[in-house]
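Below is one structure; the comments refer to it alone.
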Amino acid sequence: MSAQHRPSSAAPTASQGPKAPIRLLEDIRRAGKTWAELAPRWGVSEPDPPWKTSLHATCECLSAAAVLPVLERRRAEDELGETLYCGTPAPEQQLLALAHTMLTRGLLSEEELARRIKEVRTRLVAS
Amino acid sequence: MQSQHDHDHAHDANAAHRAAPMVDEISDFEVLEIAVRELAIEKGLFTADEHRRFTEWAESIGPAAGSRLVAKAWTDPAFKARLLADAVAACREIGLDWAEPTGTGTPSDYMEFRVLEDTPNLHHVIVCTLCSCYPRPVLGHSPYWYRSPNYRRRLVRWPRQVLAEFGLQLPPEVEIRVEDSNQKHRFMVLPMRPPGTEGWTEEQLAEIVTRDCMIGVALPRPDRKADDPRPVQPARRPVESTSANRAAG
């Protein structure tokens, strides 16, 4: 896998510090529906959201590309899971921690992530 | 060719074949996962095919391979000796290759794997105090509690108490050895074969070797299989209903 990547030039609000809240992710954390809430409402007994495996694969790929090594990611998950994202269930917490870490490391910018979230939502709603 | 209409009726005629319920609602978390992945691919951090390969691999793993290793070791002393001597090589004998899915394994699963044999006086249990290292090729994905700081921090300090919280109370004469996994080493417990399983086939034995037995927080029992229904026990001292919660109900 290629390790070639350039940190985004646009500084996210995460530049205030690696543990500072990021508005975009805070909005999702507060308003987002976790699998633990959604599944029983739809009568689904599957314990994990369908995107969980994909999230793990993204983590593995980032590690294989030496962009975000396993140990650094897990440390960030621990720190953020006990602070900012404490109280959010495991798969959603891991996702928020990954997005948070990628933003604070400049791998993504908050603006482009917000834009892509909007695009993805529009696409899913239309399908 | 069968029409969609007829097809649906055919399904309705047999309720057992109806599709399982699904969450028909888009969640912000689902959208976030897709957005992060797509941007990472567009930036060239990895390719869509690499991501697919990891996903395919991750969805194919589970504790069944570990159960087979244990059952085979219980019935074949020569295999057990090979398993204890070189576990990665022994895994290949049951068709499990630690080099999957890339040819050199995954970044999270280094190809150093050792099997820890329990004896009447020694019980093993595994943990990863640093993060969440786990023998995924043989046990699948780690349970949430294995990753929790609560388990990781307390097991090394108070193993006997933590095991008791799982319902495993070991006599004081049994030594408990906690093996700390790390980035380079993975471990799995080879529990003792329980009495009452004499004459069982390898397949029968594998059914009672649950994931938790191979982590070391439980012992195999002839009356307990991995797919047994969860026991439901009535409360011994049920909370008396009050006039307030009766009204609320």
Going by what's in this entry, would A:L84 be described as in a loop (DSSP other than H, G, I, E, B), modelled with pLDDT of 90 or more and within 30 Å of B:G103 (Cβ to Cβ)?
no
B:L170 passes all but one of (1) within 13 Å of another protein chain (Cβ to nearest Cβ); (2) part of a loop (DSSP other than H, G, I, E, B); (3) not charged (D, E, K, R); which number fails?
(1)
Only residues in segment A:112-127 that are more than 7 Å from chain B (Cβ to nearest Cβ) count as the first member; pair them with residues that are modelled with pLDDT of 95 or more and in a helix (DSSP H, G or I), Cβ under 7 angstrom, at least 6 apart or cross-chain, and list the lot.
A:A114/A:L24
Check on B:R68, of a type in the set (K, R) and crowded, with 19+ Cβ neighbours inside 10 Å
yes
Log entry, pairs with first residue in segment A:22-44 being touching a residue at least 40 places away in the same chain (Cβ under 8 Å), second being loosely packed, with under 11 Cβ neighbours inside 10 Å and part of a helix (DSSP H, G or I), beta carbons closer than 8 Å, six or more apart or on different chains, reads none
Mind listing whichever residues of segment B:47-93 are modelled with pLDDT under 95 and part of a loop (DSSP other than H, G, I, E, B)?
B:I61, B:G62, B:P63
Residue count, segment A:88-101 (criterion: out of contact with any Asp or Glu (no Cβ under 7 Å at 6 or more places or on another chain) and either at the interface with chain B (Cβ under 7 Å from one of its Cβ atoms) or at pLDDT 90 or above (or both)):
9
Just checking, does segment B:156-179 include any residue being touching a residue at least 60 places away in the same chain (Cβ under 8 Å) and within 29 Å of B:P101 (Cβ to Cβ)?
yes
Could you check segment A:56-77 and list, in sequence order, the residues that are under 26 Å from A:L38 (Cβ atoms), at the interface with chain B (Cβ under 7 Å from one of its Cβ atoms) and at pLDDT below 95?
A:H56, A:A57, A:E60
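The values are calculated or read from the model by the stated rules, or taken from the named source; none is laboratory data. It should be emphasised that the depicted structure is a prediction, and the values quoted were computed from it without experimental measurement. Neighbour counts are summed over all protein chains in view; Cβ atoms, including those assigned to glycine, are modelled from backbone coordinates with ideal geometry.
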